[in-house]
Amino acid sequence: MLDLIIRNGTIATASEQFRADIGVKSGKIAALGHDLGPAHDVIDAAGKFVLPGGIDSHVHIAQPSGPGLETADDFDTATLSALFGGNTTVMSFCLQQKGESLTKAVADYHARAQGKLYTDVAFHLIVSDPTPEVLEQELPELIARGYRSVKVFMTYENLRLNDAQLLSTMAAAKDGGAVVMVHAENEDVIAFLSEQHRRAGLNAPHGHATSRPVASEREATHRAMTLADIADVPVVIVHVSNGPTIEEIARARHRGQRVVAETCPQYLFLTEDDLLRDGWEGAKFVCSPPPRDKAAQDACWRGLETGLFDLFSSDHCPFMFARDKLSAQARASYRHIPNGIPGVETRLPLLFSEGVCKSRIDLCRFVGLTATNHARTYGLLPRKGTVAIGADADLAVWNPQTQWTIANSALHGASDYSPYEGMRVQGRPETVILRGKVMIRDGALQGTSEDGTYLDRSTEERGPTLATGAATDFEMQVRAPKRGVVHAR
Ligand code: URP
Ligand code: ZN
Ligand code: ZN
Ligand code: ZN
């Protein structure tokens, strides 16, 4: 007998949309079809969409950010928030501090996550100190143990790598079979402009945006892809914010390079004008790269519509507004405002509402952008990210009609604000299932922080299998014809 049947829903994967029932047994999807027989539990999904649980492959949890400062969310609040946002897997970072061992960082983050998981979790590595020991011993060992993705930074004084370090880290990742994620912003440009601001007495939050112009991201992205090309390693350009950077990516793909591209809600729904809000409220929107202008938002939407972007992630990196972003130090200058904003719970509703309900993207593209492509890029297939027999029964039942207003008071993260406060959205995940366990049923929590597990990637598919480059002719792409308003048929 099946453990669970989800009946009468409209199922979507990254490539198909169809009506079927889903049978679950021992945490896996065991059957797809009709008249699947009896089950211990039945969920009626008539009029609803049944989607793979979201995978958010870019979240920062329990991560230090400067002296005495850590992200607001621990693993329990971050994953609870993720779960209520329709996610069943998050990928967080193990940050190597300068002078520290990378292996020790991995052990630290495992300890932080232990027993505090409402979703499944996997870890990327952040290399900030690529010593010979790290590149020749620790990194190869960790990659073999399943840490198949390495993030490197071109900005932040304490994290940035120079070109030689970027290249040698990329080469080590290539040897081990890992993918490299790059935070691409030119730190020397930012330091120069920031110093000009300081001399001119420009200290308010908006200076954060003007000190990190589009050109600094475009140039760094070009350089990151060039170095990855030389190292012959697949590269993920994370949190892309604007058109000129997108065009660099399109050109690299045109040359045949494997580039995976990610964008985030802040580049669709915020602009740098939000950093101008009164009373230091602009600090709520300080993240890197910064939100840009309307033209950049349009370019990012086009990147989603045309298939240029593979990944839509939150870059959830929450801080407390009152405590962290308004601290005495932060109020002295934007240079001391911690970088990052919350978003793990609002990522999927925002894209569903503004993307799917407004017919900018179809449901299959939504699923690809929010689940399947993350699994492909980071070696979680065939276990995660799709609705298929044999895959983990990670599912979210969405009511596409629910209208609601984003209010931080009703979200589940630890931060004291949402950058999207007051936005009206349509569509909401009502029931969320993790490996067959109903974690949230009709909006009510049933699971616990013991239910999530660490995902070992040592035995899964190696490296990205993503056929990137769907939209190499970004500038010439014709907009896809608008489809009708969606509803579960
Ligand atoms: O401002 C941001 N994005 N903070 C999080 C760290 C990062 O660079 O992704
Ligand atoms: Zn049926
Ligand atoms: Zn970053
Ligand atoms: Zn990030």
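The values are calculated or read from the model by the stated rules, or taken from the named source; none is laboratory data. Being a predicted model, the structure only gives us computed values, none of them experimental. FYI the Cβ positions are ideal-geometry reconstructions off the backbone, even for glycines, and counts take in every protein chain you see.
Look at residue 193 and say whether it is touching a helix residue (DSSP H, G or I) at 6+ places or on another chain (Cβ under 9 Å), without any contact (Cβ under 8 Å) to a residue 24 or more places away in the chain, closer than 18 Å to residue 292 by Cβ and crowded, with 16+ Cβ neighbours inside 10 Å.
Against the criterion (touching a helix residue (DSSP H, G or I) at 6+ places or on another chain (Cβ under 9 Å), without any contact (Cβ under 8 Å) to a residue 24 or more places away in the chain, closer than 18 Å to residue 292 by Cβ and crowded, with 16+ Cβ neighbours inside 10 Å), residue 193 qualifies.
Rundown of residues vs (1) within 23 Å of residue 249 (Cα to Cα); (2) more than 16 Å from ligand 1 (Cβ to nearest atom); (3) surrounded by fewer than 18 Cβ atoms within 10 Å (Cβ to Cβ), yes/no style:
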position	(1), (2), (3)
135	no, yes, no
160	yes, no, no
163	yes, yes, yes
182	yes, no, no
185	yes, no, no
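So if I check each of 365, 335, 331, which one is under 26 Å from residue 91 (Cβ atoms), assigned to a helix (DSSP H, G or I), modelled with pLDDT of 95 or more and among the charged types (D, E, K, R)?
365
In the stretch 293-330, which residue that is among the hydroxyl-bearing types (Ser, Thr, Tyr) and away from ligand 1 (no atom under 15 Å from the Cβ) is nearest to the chain's Cα centre (by Cα)? Spell out how you get there, then give the answer.
Of all residues in the stretch 293-330, those among the hydroxyl-bearing types (Ser, Thr, Tyr) come to 306, 313-314, 327.
Then keep just the ones that are away from ligand 1 (no atom under 15 Å from the Cβ); that gives 306, 327.
Details: 306: 19, 327: 27 Å.
Filtering the stretch 293-330 for residues that are among the hydroxyl-bearing types (Ser, Thr, Tyr) and away from ligand 1 (no atom under 15 Å from the Cβ), the one nearest to the chain's Cα centre (by Cα) comes out as 306.
Taking the residues in the stretch 359-398 that are buried (at least 19 other Cβ atoms within 10 Å of the Cβ) and among the polar types (S, T, N, Q) as candidates, determine which candidate is nearest to residue 3 (Cα to Cα).
My answer is 386.
Picking from 250, 220, 228, which residue would you name as being surrounded by 19 or more Cβ atoms within 10 Å (Cβ to Cβ) and without any contact (Cβ under 8 Å) to a residue 60 or more places away in the chain?
The unique qualifying residue is 228.
Of all residues in the stretch 44-80, which are under 19 Å from the mean Cα position of the chain (by Cα), within 30 Å of residue 16 (Cβ to Cβ) and away from ligand 4 (no atom under 16 Å from the Cβ)?
Those that are under 19 Å from the mean Cα position of the chain (by Cα), within 30 Å of residue 16 (Cβ to Cβ) and away from ligand 4 (no atom under 16 Å from the Cβ): 51, 52, 53, 54, 79.
Given the residues 56, 21, which is the only one that is charged (D, E, K, R) and more than 16 Å from ligand 3 (Cβ to nearest atom)?
Only one candidate qualifies: 21.
Being surrounded by fewer than 22 Cβ atoms within 10 Å (Cβ to Cβ) and under 14 Å from residue 361 (Cα atoms) is the filter here, so list the residues in the stretch 1-15 that pass it.
Within the stretch 1-15, 13, 14, 15 meet the criteria.
Exactly one of these conditions fails for residue 244: (1) within 14 Å of residue 184 (Cβ to Cβ); (2) in contact with a helix residue (DSSP H, G or I) (Cβ under 6 Å, 6 or more places away or on another chain); (3) part of a loop (DSSP other than H, G, I, E, B); (4) not β-branched (Val, Ile, Thr). Give me its number.
Every condition holds for residue 244 apart from (3).
Which of the residues belonging to the stretch 426-443 are in contact (Cβ under 8 Å) with a residue 24 or more places away in the chain and either surrounded by fewer than 20 Cβ atoms within 10 Å (Cβ to Cβ) or closer than 24 Å to residue 62 by Cβ (or both)?
Answer for the stretch 426-443, where residues must be in contact (Cβ under 8 Å) with a residue 24 or more places away in the chain and either surrounded by fewer than 20 Cβ atoms within 10 Å (Cβ to Cβ) or closer than 24 Å to residue 62 by Cβ (or both): 426, 430, 432, 434, 435, 437, 439, 440, 441.
Regarding the stretch 242-252, can at least one residue be identified that is under 24 Å from residue 150 (Cβ atoms), within 15 Å of ligand 3 (Cβ to nearest atom), in contact with a strand residue (DSSP E or B) (Cβ under 7 Å, 6 or more places away or on another chain) and at pLDDT 95 or above?
Checking the stretch 242-252: not a single residue is under 24 Å from residue 150 (Cβ atoms), within 15 Å of ligand 3 (Cβ to nearest atom), in contact with a strand residue (DSSP E or B) (Cβ under 7 Å, 6 or more places away or on another chain) and at pLDDT 95 or above.
May I ask you to list the residues in the stretch 36-89 that are among the acidic types (Asp, Glu), out of contact with any Pro (no Cβ under 9 Å at 6 or more places or on another chain) and free of Cβ contacts under 8 Å to residues at least 40 places away in the same chain?
Scanning the stretch 36-89 gives a single hit, 44.
Which of the residues spanning the stretch 65-76 are part of a helix (DSSP H, G or I) and surrounded by fewer than 23 Cβ atoms within 10 Å (Cβ to Cβ)? Talk me through it step by step, then tell me what you get.
Filtering the stretch 65-76 for residues part of a helix (DSSP H, G or I) gives 75-76.
Within the stretch 65-76, just 76 meets the criteria.
Is it the case, given these coordinates, that residue 409 is touching a Gly at 6+ places or on another chain (Cβ under 7 Å), polar (S, T, N, Q) and either part of a helix (DSSP H, G or I) or in contact (Cβ under 8 Å) with a residue 24 or more places away in the chain (or both)?
Values: touching a Gly at 6+ places or on another chain (Cβ under 7 Å): no; polar (S, T, N, Q): yes; either part of a helix (DSSP H, G or I) or in contact (Cβ under 8 Å) with a residue 24 or more places away in the chain (or both): yes.
No.
Inspect the stretch 137-149 for any residue being in contact with a strand residue (DSSP E or B) (Cβ under 6 Å, 6 or more places away or on another chain), farther than 22 Å from residue 77 by Cα and either of a type in the set (Gly, Ala, Ser) or within 16 Å of ligand 1 (Cβ to nearest atom) (or both) and give the result as yes or no.
Yes, the conditions are met somewhere in the stretch 137-149.
Could you pull out the residue among 307, 343, 303 that is surrounded by fewer than 24 Cβ atoms within 10 Å (Cβ to Cβ), under 27 Å from residue 148 (Cβ atoms) and either at pLDDT below 95 or of a type outside the set (Lys, Arg) (or both)?
Step by step, each of 307, 343, 303 is checked, and only 307 is surrounded by fewer than 24 Cβ atoms within 10 Å (Cβ to Cβ), under 27 Å from residue 148 (Cβ atoms) and either at pLDDT below 95 or of a type outside the set (Lys, Arg) (or both).
Yes or no: residue 275 under 18 Å from the mean Cα position of the chain (by Cα), touching a residue at least 60 places away in the same chain (Cβ under 8 Å) and more than 22 Å from residue 62 (Cα to Cα)?
No: the conditions fail for residue 275.
I'd like the residue in the stretch 300-323 that is assigned to a helix (DSSP H, G or I) and touching a helix residue (DSSP H, G or I) at 6+ places or on another chain (Cβ under 7 Å) and, out of all such residues, is farthest from ligand 2 (Cβ to nearest atom).
Result: 321.
Considering the stretch 286-312 alone, what residues qualify as being closer than 30 Å to residue 327 by Cα and within 16 Å of ligand 3 (Cβ to nearest atom)?
Within the stretch 286-312, 286, 287, 288, 289, 290, 291, 292 meet the criteria.
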